[in-house]
Every structure is written in structure tokens, then in C-alpha cells.
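In what follows, a single structure is set out as C-alpha cells and then discussed.
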Amino acid sequence: VKWNRKYCDLFIADKNGISITSDSPIENGKLSLCVQNTEVLLTVKNVGAEPVYFISYTPLYKLQYFTLLDEHKVTKTNPLAIQAGDSYEIKVDFRCTTVGFYEAALAFEFKPDLQHSTATFTIVRSVEVHFITSLGIELAPTAPFRPQPLLACASVSSNGFCSEVSTLPICFFCFGSFRRVLLESPLRWMNYAEKLKLLLHLEECQMEVDIKKYNIPNNEREHATMELDRNNRNLLVLEVPGVSENRPSVLRGDNLTVWPIGKGYKKYRGYVHNVELDSVKLGFAAELLNLFVKNMKFHVEFSFNRLTLCVQHRAAELAISHRLGNVLFPAAPANSPQPTELFDSKLEKNQEQYEAVQHIIAGSSKPAPYLVFGPPGTGKTVTMVEAIKQIEKTQGSCRILACAPSNSAADLLCQKIMEHMDKRKVYRMYAKSFNTTCVPEELKACSNLAGDYFQFPLKEKLMEYKIMVTTLITAGRLVTGGIPPGHFTHIFVDEAGHAVETECLISLAGLLCPETGQVVLAGDPKQLGPIIRSTFALKYGLGVSLLERLMTNFSVYQKKDGKFNNHFVTKLLRNYRSHPAILKIPNEMFYDNELLCCADEYLRNSYCSWEHLPPKGFPVIFHAVNGKDEREASSPSFFNRDEVEVLMGYLKKVLQTQGKKGHGTISPKDIGIIAPYRKQVQKIRQALCKVAKDLKMDLKWLKVGCVEEFQGQERKVVLVSTVRSNPNYAEMDKKFSLGFVKNEKRFNVALTRAKALLIVVGNPMILKSDATWDRYISCGLLSSTHNTELHIKERSETAESVVQQHLDPEWRNDL
Ligand SMILES: Nc1ncnc2c1ncn2[C@@H]1O[C@H](COP(=O)(O)OP(=O)(O)OP(=O)(O)O)[C@@H](O)[C@H]1O
């Protein structure tokens, strides 16, 4: 039977004087309820003039959580005559323990004439129950979602024009065809700075368009009001819903402009002192504070901080003036290294890691960067860290700069460097905009944290440290601060595949002496790449990291006779992080099964006999939840309360079973929760506060974050929420490179962080529309049928129309 709307309408229509209703409204044949546990009455009413015989009611597919009851116990052999004007009730009882959406499709069959005709007619009703707990109710949308309409010009078009062009710092569009030729030509040393700067301008142009959406007035708000800060009467508090989700992105130290309505056009610049959940605290000139009265109405203009772009422009220019051509476009012979004894003795047993360390110490790739690449958990970071320690030990006059694109990756790098190292030799320098409360305890003493702000020591003081750790952007401060080129003898960049080339350049240009300095880049091009807003900049190459460009374009980094030249590059393939079950699919899908599982057996098996693991020995759970992806207020970010509830259920189980039945103890810092959208991260954090209270535990160091924050990280137990449950949004995810669906790199990073237990919560019906997830889930179904490996905890009911579902039995079998 091929389903179509007309056919469906035919099934749900009341007919021959019989109607089926309920106390709650039924729309298009469907009764929708949001409940904890419930009982629903469906009323069959005869509003015609003749009696009608009720002969049966049948669920159209197997009901798991619904029970149907009626007093007469109607069946074909026990029909019930419903006289004209009479009605009859059927009780639908719903009992369940797992949150999500559940549907029951019921077909009611009637006969107008019991004696003389065999003709029957059917009416279909469906009951959809959103089963939720008190936690889910707490996490409900704070306000209905009201999308912010896009401005007329929401993106820069392919000819590079947009209505905001005149606001660009350099109007490069005037040069039309010349610029197009430049964009379309490959990146070479001859056009290096010029092309990268042009791409950065395109990116900036898109950022300008994006941030203007938030200016007030907009379609949401006609004006803004501010309040005096309770603790500091010199500050004004402006409500900015969404600021904690980076919409708009406002950081401590940024500026925004306000002007009071009806008081002329004088604009006042506000300095951001603090960013709170939904507001920012601003410092203004005394003139505005003197003028300020309660309920004063303002217009607000947001602007993004150009600093990060400026330092990238500068880096592109410095790359030329400091003659980094041989570093960025390498071709060089090799020297032979001498063997050394390592700090981290486990690396000695791994030939590739050991040799990589030797070559880095010997500087055998110089002036070309040394590359360390390979799949997740293969020890790229620890190899880099070992090389740093060896250089520090053996080369008295060395000065090392170790960088990563994000603060979390830079923190991890620093934490690993600090093991076996005199703490006084290491300095972790944070940007002034970083949240001081997020500095890990063990890094506080060796960082620029000074109470509740960051200080910036004099250049001479900074130059005394042997090892400096910063993010790539903050490395720009070292250039600005006048640290001379060549001061750093070695520059290491971890997670280099995640950085835009110009971002990576910040740590090199102006600091590296190309004749003597050694650059080492580590990363995995199959994990997250650079984050680019402008589709135009992406099209012309800004999405390719320096690591990826070097690996793809230069013969020194490519295999010759089936082997890499380990004087220049090392590919690591032994995974020391995860249980083989966790690696199975990513290994097959992204790494041609080359990845070898070498993680410590005791640690990786520590959850293999966990009581909540249905097939023991395979520590991966895919828990199907038929939830709902929702949005609230003006935030375009998604969340899924049903998945949060399921996640919290597992989290409690993990925390409550520790120390029992042979499980070791687990501390919150050994657990990570990953979600693809910021709103879901926020909701999970909100739910964690409740769990912490219930369990009387401090969960502050349990890391919850987007995938980007987990790149490079690992945890003993990882929980992943995929959020998506509506098929219409999946296409949007693909287009804008959001979420997990249709985004292989994000999938790969999220699913390779766990050491001993991975729990994925999601809607398989949606995820299966993506080839990568389909393989992941199908493999699970397949192996669970064979009673091995991946286990699908619970099959979800379909999110599609139930009527569609029961009309096509073959389609249903496919689920
Ligand atoms: N030779 C080794 N022997 C034992 N354990 C190792 C070895 N090399 C690395 N490890 C361990 O493997 C885990 C992963 O290492 P690391 O974080 O350096 O991997 P990575 O390749 O940088 O991962 P990602 O791609 O996720 O950033 C760490 O716990 C590390 O201590």
C-alpha cells in the first residue's frame, strides 16, 4: 500500500455517524499528551440515527507500553451494539520508565448491519505520549522559540558583494577580477600573504554580517534597558540573552556601543568587564553614568573583536618579512639522529614514537616542520611532550613554545609537560578574556593568573621560562611584547589540524628563526578541522590547515616505496586509549582498519562486567531515545530534554556503582559528556546541578562540552548526546556543518574519547539517514543479533507518522 495524505485522511475520518473523541483535543486523528504516567479515555460515540456494531479494536503494531481495556471486552465474536445517541469508553493505560515519545495507533472496526451484510468500516486514532520526568519539566523551554529573522543580506555572495561592504576595513571588492584570479590560484610562496589576507577579509566580512543580527533594535526588541550593578555602582548590566552560547560572541575585554534614545546621537563605548549567563557587565565613561536613570532606553550595537583577525593578518605579513618560505613550503635533506633514553619509558616500546622523538631532538627535518600525525589516542600529544622534555634536558639554551588552538588542548599539553618537570621552568599564559574560574587547579601556580584576573609579566621575565604554553592566538602577545625571533628554539603546535593556517602562523611568524628553529606540528586531519564562517573563504581554501596542506602537497611528507620518511614525518597507529569495541567503527570507517588496539588491558576492560551493560564484555551502549529537538526564546541552538534525562540516568548509575562488584572508583574528572549544540551543553549543566544535589557530590570537574572542546581529550567514561530527532533539521545540520548528523569529523572526535565505557544516546531513525551513523547502528544491530559486540539498548518507536508506519508493513520491518 502506498501511503498518501488522502488515503490517511480516509482512515482517520469519523464515518457512518460514529466519532471517536477524547477529553483532550484530537488533531488529524492524533491525541498528543505530555505526561509522567497516565490513563486516557477514548469515547466511541454514535451520533447517527441507526445503531452501529462495534466489532473490534486492534493496535496496528505491537504495543510496548500501552494496555487497552473496555468493560464489554469487544471482539468480533463479542460485538457491542451502540445505539443512536449512545457512547462507549475504551481505556488506554500508559506505563513506562524510559523518557521519550511513544505512539499507539489503534484501528476501530464497526459493522452497520450485523445480520445481513459483511461490510465493515474502520476508524484509526493514534495516541502520542511524551513521557517525561520532573527533571524534563525543569528543563522545558524558558520561552517559546521565536527565530530571529535573517537580515536581507545574511551571507556574502559568491561574487563577494554584500550590503556591508563599505564597513570593511579594506574594500578589496573594487579589484574584482584581479582578486578572483588570486582566490582561484593555488596557495604559493609568491602569493602567500596576499591570498591568506584576502581569505581573512572574506571571513571578516561574514563575521560582520553575522554579528549585526544582534544589534538592538531588531525584530525581537525595540530597545534595551540597563541596570546598575548591585555590587559595583560604576558598572551597568545589559541583558543579552544567548551570550553564554556565544550568540553574540562577547568576551571580557570586548567593547560594544550604546546610545540613549532621544538624547541626540552621541554614542558611548561600553567595556565588557564580565560575561554572565544572560547578561554582560559594562564599564562606561562617567558622562553616561551621570546621565543614566532607571528604565532609560538604549540602542545597542555589537561588534566583534578584530584582534584575533589582526594578529592573523600580521602573522601572514611577518611570514614574508621573516622569510619563512623554507618552513612553509619545505624541501630539505635529512641528518641522522643519535638514540636517547626517554622520560616516558612506555614510548621506548613503540618504535614510531621513539624514532619521532629522536628526529625531533636532532632537528632532522629543519627547516621543514616535523609532522606527527595519526588517528585518535595514538600518542601524538605524548610524543610531542616527550620531545619537549628531552630538548629541555639536553639542550641547555633551548626555549620552547608549546601551543594548541583551544584553551582546553593547551591546558592538557601543559598538564602533561608538568609531569617529570621542574614546575618553575613552565609558564602557562592565558588571554585576559579567559574565564579565571576555568583554570585547572594544578596549573594555577605556573600561570599568569593573579587572583581574579590575568597579569602579563615583562618580556624579560617571560624570556626566563624554558617552556611557554599558550593558545595559538595568545602567542601573538609574545610577538607584540617584543620577544625577538629566534628566542624560541623550538615551536610545537598540538591539534594543528584544528587551526586555520593563519592561526598556526601566529605562533611561528615573528618568533621563529627559519635558519635555526625547529617546528613540530601534531594532529589528525580526520578529526575536526578549522572552523570557518564564510562559505566563500572555505571554498577558496581557508578551511585547510597548515598541517593538512603540508601533508597533501609536499613529497617529503608522503610515502615513498610504501614508507614515510621518518626524518620528516611520523604516522602513529597504535591506540593506547580505548577498548577495541569503542574503536571498531571509527577504525573501519576512517582509518582503513590500520589502527591497532594497544590500550592497557586492565583499564580498558574496567567496565566490561558493568551490571548495566547488557552483553557483558562490550562496553558500548547505544541507547535509542525517541525524543524531541527543541529550541527556546531567540536562541537558534537545539536541545533535547529526553536525552538529557537518559544521560543523567546513566551518569547516576556510573557514579553509584563505583567501588562495587569489582569496579574501581571513578572521580567526576574521569567522566566527560559531549553534545553537538551549546544549548544542550547548557541544559546538561543545569541537570548536573540537580544530580550533584541528589547524590551530594561535587561534579564541578566533570567536563561537559561541545565536540570542539573535547578534541585532544580523553576520559575513562564518555557519554554522548546526539540531540537530533527531527528529520527536517538534519538537512540543515548538513548545510551549516552543525551537529553530528552528516559530519564525519565531529562523529569521529566524539566517539573516540572514551577509554573504558562509551554511552551514546540518540534517535536511530534520524541518525540512520547519515551513512556513517547508519553503519555504526546497523553494525550494532547485526552484531547484537549474533549476540556479540555493539548493543542497541532499546528500539525506538518511529518519529514518522504512525499511520504511514502501519500502512506499509515492509517499511516498518526496516526500522
Ligand atoms: N607508547 C605508549 N604506551 C602506553 N600508553 C601510551 C603510549 N603513547 C600514548 N599513550 C597513552 O595513550 C593515550 C592517548 O595519548 P595522546 O593523548 O597523546 O593521543 P593523541 O594521539 O594525541 O590523541 P588525540 O588524537 O585524541 O588528540 C594517553 O593516555 C597516553 O598516555
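Among the listed residues E89, E128, which satisfies the condition of being touching a helix residue (DSSP H, G or I) at 6+ places or on another chain (Cβ under 9 Å), among the charged types (D, E, K, R) and not in a loop (DSSP other than H, G, I, E, B)?
Every option except E128 fails the conditions.
Quick one: would you say T122 is modelled with pLDDT of 90 or more, surrounded by 13 or more Cβ atoms within 10 Å (Cβ to Cβ) and hydroxyl-bearing (S, T, Y)?
yes
Does the stretch 211-237 hold any residues that are touching a Ser or Thr at 6+ places or on another chain (Cβ under 6 Å) and at pLDDT 85 or above, and which are they?
Correct list: V237 only.
Residue by residue, here is whether (1) at pLDDT 95 or above; (2) in contact with an Asp or Glu (Cβ under 8 Å, 6 or more places away or on another chain); (3) under 25 Å from L324 (Cα atoms); (4) surrounded by fewer than 17 Cβ atoms within 10 Å (Cβ to Cβ) holds:
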residue: P484; (1), (2), (3), (4): yes, no, yes, yes
residue: H490; (1), (2), (3), (4): yes, no, yes, no
residue: E495; (1), (2), (3), (4): yes, no, yes, no
residue: T502; (1), (2), (3), (4): yes, no, yes, no
residue: P530; (1), (2), (3), (4): no, yes, yes, no
residue: K539; (1), (2), (3), (4): no, no, no, yes
residue: L550; (1), (2), (3), (4): yes, no, yes, no
residue: F564; (1), (2), (3), (4): no, no, yes, no
residue: I582; (1), (2), (3), (4): no, no, no, no
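Would you please list the contacts, defined by Cβ atoms under 8 Å and residues six or more apart or on different chains, that run from a residue in the stretch 373-385 that is farther than 15 Å from H579 by Cβ and among the aromatic types (F, W, Y) to a residue that is more than 7 Å from the ligand (Cβ to nearest atom) and in a loop (DSSP other than H, G, I, E, B)?
F373/P525
From the list A319, A285, A362, which one is aliphatic (A, V, I, L, M), under 20 Å from F492 (Cβ atoms) and over 36 Å from the mean Cα position of the chain (by Cα)?
One residue alone meets the criteria, A362.
Would you confirm whether any residue within the stretch 55-65 is more than 41 Å from the chain's Cα centre (by Cα), of a type in the set (F, W, Y) and modelled with pLDDT under 95?
yes
Restricting attention to the stretch 383-415, which residues are assigned to a helix (DSSP H, G or I), closer than 24 Å to P530 by Cβ and within 12 Å of the ligand (Cβ to nearest atom)? Let's see the steps before the verdict.
So the first thing to find is which residues in the stretch 383-415 are assigned to a helix (DSSP H, G or I), and the list is 383-394, 407-415.
Of the ones still in play, those that are also closer than 24 Å to P530 by Cβ are 383-385, 407-414.
Matches in the stretch 383-415: T383, M384, V385, S408, A409, L412, L413.
Which condition number in (1) away from the ligand (no atom under 16 Å from the Cβ); (2) out of contact with any strand residue (DSSP E or B) (no Cβ under 8 Å at 6 or more places or on another chain) is the one that L550 fails?
(2) is the only condition that L550 fails.
Residue under question is V681, and the condition is that it be outside the structural domain of T383 (by the TED database), modelled with pLDDT under 90, within 25 Å of G377 (Cβ to Cβ) and away from the ligand (no atom under 16 Å from the Cβ); does it hold?
no
Consider the stretch 688-718. How many of its residues are farther than 21 Å from L603 by Cα and of a type in the set (A, V, I, L, M, F, W, C)?
Within the stretch 688-718, residues that are farther than 21 Å from L603 by Cα and of a type in the set (A, V, I, L, M, F, W, C) number 10.
Scan the stretch 355-378 for residues that are among the charged types (D, E, K, R) and under 18 Å from R574 (Cβ atoms) and jot them down.
Across the stretch 355-378, the qualifying residue is only E355.
For E744, which of the numbered conditions (1) closer than 22 Å to A499 by Cα; (2) away from the ligand (no atom under 16 Å from the Cβ); (3) surrounded by fewer than 20 Cβ atoms within 10 Å (Cβ to Cβ) fails to hold?
The failed condition is (2).
Going through the stretch 344-360 one residue at a time, which ones are farther than 20 Å from K559 by Cα and either at pLDDT 95 or above or surrounded by fewer than 17 Cβ atoms within 10 Å (Cβ to Cβ) (or both)?
Answer for the stretch 344-360, where residues must be farther than 20 Å from K559 by Cα and either at pLDDT 95 or above or surrounded by fewer than 17 Cβ atoms within 10 Å (Cβ to Cβ) (or both): S345, K346, E348, K349.
So, in the stretch 589-637, exactly how many residues are over 23 Å from G649 (Cα atoms), away from the ligand (no atom under 16 Å from the Cβ) and touching a residue at least 60 places away in the same chain (Cβ under 8 Å)?
Of the residues in that region, 6 qualify.
Among the candidates I506, I582, which residue alone is of a type outside the set (K, R) and under 24 Å from the mean Cα position of the chain (by Cα)?
Step by step, each of I506, I582 is checked, and only I582 is of a type outside the set (K, R) and under 24 Å from the mean Cα position of the chain (by Cα).
Under 8 Å between Cβ atoms, at least 6 apart or on separate chains: pull out the pairs that start in the stretch 638-653 with a residue that is touching a residue at least 12 places away in the same chain (Cβ under 8 Å) and end on any residue that is of a type in the set (D, E, K, R) and in a helix (DSSP H, G or I).
Cβ pairs passing all conditions: F638/K679; F639/K679; F639/K683; R641/K683; V644/K683; M648/K690; K652/D694.
When both residues are 6+ apart or on different chains and their Cβ atoms are under 9 Å apart, which pairs have a first residue that lies in the stretch 559-582 and is in contact (Cβ under 8 Å) with a residue 24 or more places away in the chain and more than 30 Å from I621 (Cβ to Cβ), and a second that is within 13 Å of the ligand (Cβ to nearest atom) and in a loop (DSSP other than H, G, I, E, B)?
T570/G374; K571/G374; K571/T378
Looking at the stretch 186-203, I want the residues that are among the small types (G, A, S) and have a partner that is assigned to a helix (DSSP H, G or I) with Cβ atoms under 7 Å, at least 6 apart or on another chain. Which pairs are those?
Short answer, once both residue conditions are applied: A193/A316; A193/E317; A193/A319; A193/I320.
Just for the stretch 343-371: of the residues that are outside any helix (DSSP H, G or I) and touching an Asp or Glu at 6+ places or on another chain (Cβ under 9 Å), which one is farthest from the ligand (Cβ to nearest atom)?
We begin by selecting, within the stretch 343-371, every residue outside any helix (DSSP H, G or I); these are 343-344, 350, 363-371.
Filter once more, so that each one left must be touching an Asp or Glu at 6+ places or on another chain (Cβ under 9 Å): 343-344, 366-367.
Values: F343: 12, D344: 8, K366: 23, P367: 25 Å.
Among those residues, the one meeting the criterion is P367.
Looking at the structure I just gave you, is L572 buried (at least 21 other Cβ atoms within 10 Å of the Cβ), within 11 Å of the ligand (Cβ to nearest atom) and over 16 Å from C779 (Cβ atoms)?
Answer is yes for this residue.
Whether any residue in the stretch 449-467 is within 16 Å of the ligand (Cβ to nearest atom), out of contact with any Gly (no Cβ under 9 Å at 6 or more places or on another chain), under 28 Å from K349 (Cβ atoms) and outside the structural domain of W701 (by the TED database) is what I want to check.
At the first step, the residues of the stretch 449-467 found to be within 16 Å of the ligand (Cβ to nearest atom) are none.
Checked against the condition, which is being within 16 Å of the ligand (Cβ to nearest atom), out of contact with any Gly (no Cβ under 9 Å at 6 or more places or on another chain), under 28 Å from K349 (Cβ atoms) and outside the structural domain of W701 (by the TED database), the stretch 449-467 yields no hits at all.
Given the conditions (1) away from the ligand (no atom under 16 Å from the Cβ); (2) crowded, with 17+ Cβ neighbours inside 10 Å, which single one is not true for P375?
Going through the list (1) away from the ligand (no atom under 16 Å from the Cβ); (2) crowded, with 17+ Cβ neighbours inside 10 Å, P375 breaks only (1).
For the structure I just gave you, tell me whether P525 is in contact (Cβ under 8 Å) with a residue 40 or more places away in the chain, closer than 24 Å to E355 by Cβ and either within 16 Å of the ligand (Cβ to nearest atom) or part of a loop (DSSP other than H, G, I, E, B) (or both).
yes
Just give me the residues in the stretch 591-621 being assigned to a helix (DSSP H, G or I) and surrounded by 13 or more Cβ atoms within 10 Å (Cβ to Cβ), in sequence order.
L603, R604
Assess whether E71 counts as being loosely packed, with under 14 Cβ neighbours inside 10 Å and assigned to a strand (DSSP E or B).
no
Quick check on the stretch 487-503: of everything there that is part of a loop (DSSP other than H, G, I, E, B) and within 13 Å of the ligand (Cβ to nearest atom), which residue is nearest to the chain's Cα centre (by Cα)?
Only one residue fits best here, namely E495.
Restrict the check to the stretch 14-28 and report whether at least one residue is touching a helix residue (DSSP H, G or I) at 6+ places or on another chain (Cβ under 6 Å), surrounded by 13 or more Cβ atoms within 10 Å (Cβ to Cβ) and small (G, A, S).
No, the stretch 14-28 has no match at all.
The values are calculated or read from the model by the stated rules, or taken from the named source; none is laboratory data. Remember, it's a predicted structure, so these values are computed and weren't measured experimentally. FYI the Cβ positions are ideal-geometry reconstructions off the backbone, even for glycines, and counts take in every protein chain you see.
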